[in-house]
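Report on the structure given below.
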Amino acid sequence: MDSVRYTILLNAIRITAARTAMLLESPQEECMQEDDMLSNAEQILKTVFGYDSFRPLQREVIQNVLEGRDTLAVMPTGGGKSLCYQIPALLLKGLTVVVSPLISLMEDQVSQLNAAGVNAAFLNSSLDRTQYFNTIDSIKDGSLKLLYVSPEKLNTQTMSDLLHSEGVTLSCITIDEAHCISEWGHDFRPDYLEIANIRKQFPHTVCLALTATATAQVRNDIIRILDMQDPAVLVSSFNRENIFLEVKQRTDGEQQVIEFLLRHKDESGIIYCFSRKQVDELYTFLRKKRFNVLPYHAGLSDAERRHNQNQFIKGKADIMVATVAFGMGINKPDVRFVLHYSLPKSIEQYYQEIGRAGRDGLPASALLLYSPADIHKIQYFFEGSANPAQSEFLLQQMILFAQSTQCRRKQLLSYFGEMEFIPQERQCCCDICAYGIASEPKQLRIAETDETEQNIAKALKAWRRKLADEMNIPPYVIFGDKTLLDISRHKPHSISQLCRCYGIGQVKAERFGSAILRIVNDWC
């Protein structure tokens, strides 16, 4: 984020924050009753974020946080975890600190909050001196509601001193990707263990831990390590109904990839590979075939990885070919497919990675190509792992999934302890359950709409692309595809009608409404 853009955003935030605050403050009582808090939470959901109703578990998580009860929530990727701390942050007096593992994720979340008129910021190495001290000042003067930091940054003496500063009230500590705290998690990170030190310094501050993948063992580790006191443990369904699951044996891998990509022409997707070498080879092959593709792995420089990730997030590259190093916390909602070019090491890893598709709730696909040779490659690295027996157990569960002849969704859900799922006849949830019908769900198309809707949607996407380039932000920060499709379907002719469309809060309606209504009127 360059300094000019940062200054513009900062000024915009100061203007819109006052408006947002008017929606949040009660003129009658400083301490609201629980019913009032929940009522205000629903109001914020609509007026700030533009959603009509809560998704499963969101209300329960928010209520527990507002009541000051430590909470562990396991919700699928795309299930709306972010709102579970963003809404309470706007209602609670003081600062909410969000521990996030990646700079790119912090920037993405902050950009979307700022666009909605919420005063949020991050502290990391990407800030220059002026940006850094502006953020520090907003923390100390109490104007900042959400602060995103990495676990490494949180565990510094500087951060500890800042949070203990006079006038700073820490209302909530949120740990995103909380499975990273457990050695039984698929992405264990030692830095996450140090979060417990901050917890000890603020024992009366409510703690919220969020993750998309956590077995019972991982959940117990999170509670124990964070010293959660009588926590509410809320586990949502792991069923991502919009993702079609497919597994094929890899025979002619490159040709199978080509055939799959041709079915997903001009769509955004991720291809996961086992190694850097495999990434480079497949990237080079697809580049020669004129696919809009970029690579991502630890062998690239920091600058190359950051550039490639930004190109993908901003929609300037359709496909990312990557190792497991890519993707945690990627908030891009319009990823339409995830293709595994080799076997993942565990079901947790597989589930986390396919969850990066279809975050907007629209149809998406997950294809796994595997070969028996993948198993030996993975096992070779177990010799140097901290717990080879545990790694082997996780791998065997993944193999059973890949080789299963039962409904893949049922098997996936049962691994996470969800035993009640029964596939309905003719329900196209995986390749095994496709009873002679299309092998994949219909992808994001506008073919079934009338010509006017098609023209409006295309015009809105062109407008969004131009504006996103001017603002140097991803298009979905302005509006997601689901919002544009809803606008084209309802064809609003006033700001009040526009506010009824999915994902449009008051600040965005005021900021972008005139342009949107002009486009709708042009085609109507």
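A few comments on the model shown:
- Number of Lys pairs (Cα under 18 Å; 8 or more positions apart or on different chains) in the stretch 205-325: 7
- Between the stretch 45-110 and the stretch 478-523, the alpha-carbon center distance in angstrom: 24 Å
- Simple Cβ-charge dipole of the chain, Lys/Arg +1 and Asp/Glu -1, about Cα centre, in debye nearest 20: 1440 debye
- Taking a ≥ b ≥ c as the square roots of the eigenvalues of the Cα gyration tensor, the stretch 231-311 is classed as oblate, since a/c reaches at least 1.5 and a/b does not exceed b/c.
- Charging the Cβ of each Asp and Glu at -1 and of each Lys and Arg at +1, and nothing else, the dipole of the stretch 94-213 about its Cα centre rounds to 260 debye.
- Sequence-separation-based contact order of the chain, relative, with Cα cut under 8 Å and 6+ spacing, percent: 16 percent
- Residue-wise HN-Hα couplings along the stretch 478-492, as the Karplus relation 6.51 cos²θ - 1.76 cosθ + 1.60 with θ = phi - 60° gives them from phi, are 6, 8, x, 4, 4, 5, 5, 5, 5, 4, 5, 6, 8, 6, x Hz; Gly and Pro carry x.
- Partner aspartates and glutamates whose Cα lies under 20 Å from the Cα of Lys458, excluding those fewer than 8 positions away in the same chain, are identified as Asp266, Glu267, Asp318, Asp334, Asp360, Glu448, Asp450, Asp469, Glu470, Asp481, Asp486, Asp522.
- Leu170 long-range amide H proximity, modeled H, under 5 Å: Leu95
- In this label model, Asp128 and His490 are separated by 4.1 nm, measuring between points 7 Å along each Cα→Cβ vector.
- Estimated [θ] at 222 nm from DSSP helical runs (n ≥ 4, -39500 (n - 2.57)) normalised by residues in the chain, nearest 500: -14000 deg cm²/dmol
- In this structure, the amide hydrogen of Phe244, modeled 1.01 Å from its nitrogen in the peptide plane, lies closer than 5 angstrom to those of Ala364, Ser365, Ala366, counting only residues at least 5 positions away or on a different chain.
- Charging the Cβ of each Asp and Glu at -1 and of each Lys and Arg at +1, and nothing else, the dipole of the stretch 173-231 about its Cα centre rounds to 160 debye.
- Charge dipole of the chain about the Cα centre (unit charges at C-beta), most positive-ward option of Ile478, Gln256, Ile330: Gln256
- Projected-area mean, the chain, by convex hull of Cα positions, square nanometres: 24.5 nm²
- Accessible area of the chain belonging to carbon and sulfur atoms, whole % at 1.4 Å probe: 49 percent
- Options Ala459, Met419, Val61, ranked by Cα towards positive dipole end of the chain, top entry (Cβ charges): Ala459
- For the stretch 257-266, Karplus couplings with θ = phi - 60° (6.51, -1.76, 1.60), whole Hz, Gly/Pro x: 5, 4, 4, 5, 5, 5, 6, 10, 4, 6
- Couplings 3J(HN,Hα) of the stretch 461-469, computed from phi: 5, 5, 4, 4, 4, 5, 5, 5, 5 Hz, in residue order, whole Hz [Karplus 6.51 cos²θ - 1.76 cosθ + 1.60, θ = phi - 60°; x for Gly and Pro].
- Lysines whose Cα lies under 25 Å from that of Lys93, excluding same-chain neighbours fewer than 8 positions away: Lys46, Lys81, Lys140, Lys145, Lys153, Lys200, Lys508
- For the stretch 176-263, accessible area per residue (1.4 Å probe, heavy atoms of protein chains only), Å²: 44 Å²
- Förster radius 35 Å - calculated FRET efficiency between His204 and Asn387 (Cβ-Cβ, nearest 0.05): 0.45
The values are calculated or read from the model by the stated rules, or taken from the named source; none is laboratory data. Keep in mind the model is a prediction, meaning the values are calculated, not measured. We place every Cβ from the backbone using ideal geometry, glycine too, and count neighbours over all the protein chains shown. Surface areas here come from the heavy atoms of the whole protein model, side chains and all, with no ligands, DNA or RNA. Shrake-Rupley method; radii C 1.70, N 1.55, O 1.52, S 1.80 Å.
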